[in-house]
1. For the stretch 267-291, enumerate the residues that are within 21 Å of residue 339 (Cα to Cα) and either surrounded by 17 or more Cβ atoms within 10 Å (Cβ to Cβ) or under 19 Å from the mean Cα position of the chain (by Cα) (or both).
2. Yes or no: the stretch 342-358 includes at least one residue that is in the same structural domain as residue 412 (by TED's automatic domain parsing), under 15 Å from residue 271 (Cα atoms), assigned to a strand (DSSP E or B) and within 27 Å of the chain's Cα centre (by Cα).
3. Can you spot a residue in the stretch 411-433 that is outside the structural domain of residue 48 (by TED's automatic domain parsing), under 26 Å from the mean Cα position of the chain (by Cα) and hydroxyl-bearing (Ser, Thr, Tyr)?
4. Please work out which residue is farthest from residue 408 (Cα to Cα), limiting yourself to the stretch 283-309 and to residues that are outside any helix (DSSP H, G or I) and touching a residue at least 60 places away in the same chain (Cβ under 8 Å).
5. Among the residues in the stretch 95-115, are any within 17 Å of the chain's Cα centre (by Cα), more than 25 Å from residue 185 (Cβ to Cβ) and either touching a residue at least 12 places away in the same chain (Cβ under 8 Å) or not assigned by TED's automatic domain parsing to the domain that holds residue 180 (or both)?
6. Tell me which residues, restricted to the stretch 150-177, are over 30 Å from residue 278 (Cα atoms) and β-branched (Val, Ile, Thr).
7. So, in the stretch 243-259, exactly how many residues are under 27 Å from the mean Cα position of the chain (by Cα), of a type outside the set (Gly, Ala, Ser) and loosely packed, with under 15 Cβ neighbours inside 10 Å?
8. Could you please find all residues in the stretch 61-94 being touching a residue at least 60 places away in the same chain (Cβ under 8 Å) and either surrounded by fewer than 13 Cβ atoms within 10 Å (Cβ to Cβ) or aromatic (Phe, Trp, Tyr) (or both)?
Amino acid sequence: MKRCLSGLLGAVLWAGVAHAAIPIEHWTLPNGAKVYLVHSPGLPLLDIQIDFDAGGRRDPPGRVGLASATALMVGKGLKAKGAAPAMDENAIGDSWADVGALFSASAGSDRMSFTLRSLTRKDVLDASIQLAARHLADPSFPADVWAREQQRWIASLRESLTKPATVADRAWTPAVFGSHPYGQQNTPESLSALTVADMQVFHAQHIQACRAKISVVGALDRAQVEARLTQLLAGLPANDGCPALPVVPEVAALAQARDIRIPFASAQAHVTMGQPGFKRDDPDFFALTVGNYVLGGGGFVSRLTEQVREKRGLSYSVYSYFSPGLHAGPFAIGLQTRPDQAQQAIDVARQVLKDFVDKGPTEGELQAAKDNLNGGFALRLDSNRKLLDNLANIAWHQLPLDYLDTWTQKVQALTVSDITAAFARKVQPERLVTVVVGGAP
């Protein structure tokens, strides 16, 4: 069974998916959970992702890292319930191996996600759903395991602080986001403060059926999926009004530029510059995505690479990206260079950005970006796993159900003026936070 599942992990969903409509069914379960389904009968697989508003933006003051710790510990122990005995992490690992299914939990800035992949054969799926349901509803958060994981996490963090890239990120992120939760950084002190009681409270407050957004791709129809999801969420609090969580404020725009230089004994200076970008539901999403491909997201064909690397040899690689979320995520430009030429590289990158914001791409650059992005669109959907990622994106950000069907048309419709106007609205080259780690004091 395990060999069979492994052989299907990278299997293709269906041929020519980018040229066919992808029907998405959407409904709400009686317990309040919102479901998004793509019926994919070609493979005997079921992929499920359950997302909760329980990411790092929900970490309480003084408890930075709590969401990630909670997600980590969900798989470390299960309470006894009914005829099901308590399980430690070894028993849990053995059980998943015996079933031949995959389960994971993780937390990002915005959400906590639980994923399940199983064959649809009844005995396998029965066992997978039953075990996953226990992870969701009955984690035991064993104190001895947390004490071990806590020390391991703290040691890993301290070790990472010896690396210039980590030092740069931990200086740049709070400078950009200020007091917003996106700017929070865990520390050995904040991790030391986390307790099992904190995780139990956080789990109870956030992991509720009425707060779930569930994305499903697989060989079950709507009725079968609804029955399985009902089993999967049976142990969680249901729709009892689902009181609203506290409002998280929006990211504040930067008032002025900042320049932060941190001496570090490294052969390369690590440079990060940028500012808050935009929210994922922003109508400028497509214009900014395509424009960034030209600016610095297109690798060797980007303007930043041409000017910083090819013409001047200042850096092996240079890139830019937007990372939008429920709030305005970062816009960043990054590069590494010799400490003695860091300022020259920064000046060139800033000028490239200013020129792009002022004038946008050329017609040729825009067409090349469209050709590349639309030509590679099928690769975004060529497996159940990739389709699940896209479906979860639609569910989480409440995007239109025809989002994938219209993606290439929206890219193709963009003009130079669309991109220039979008960058002018969202990017202020005169207000960048620039962090340089490397070089002598």
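1. Matches in the stretch 267-291: 268, 269, 270, 271, 272, 273, 274.
2. no
3. no
4. Among those residues, the one meeting the criterion is 298.
5. Yes.
6. Within the stretch 150-177, 154, 162 meet the criteria.
7. The qualifying residues number 6.
8. 62
The values are calculated or read from the model by the stated rules, or taken from the named source; none is laboratory data. The shown structure was predicted, so the numbers you read here are calculated from the model rather than taken from an experiment. A quick note on method: Cβ atoms are made from the backbone with ideal geometry, for glycine too, and the neighbour counts reach across all protein chains shown.
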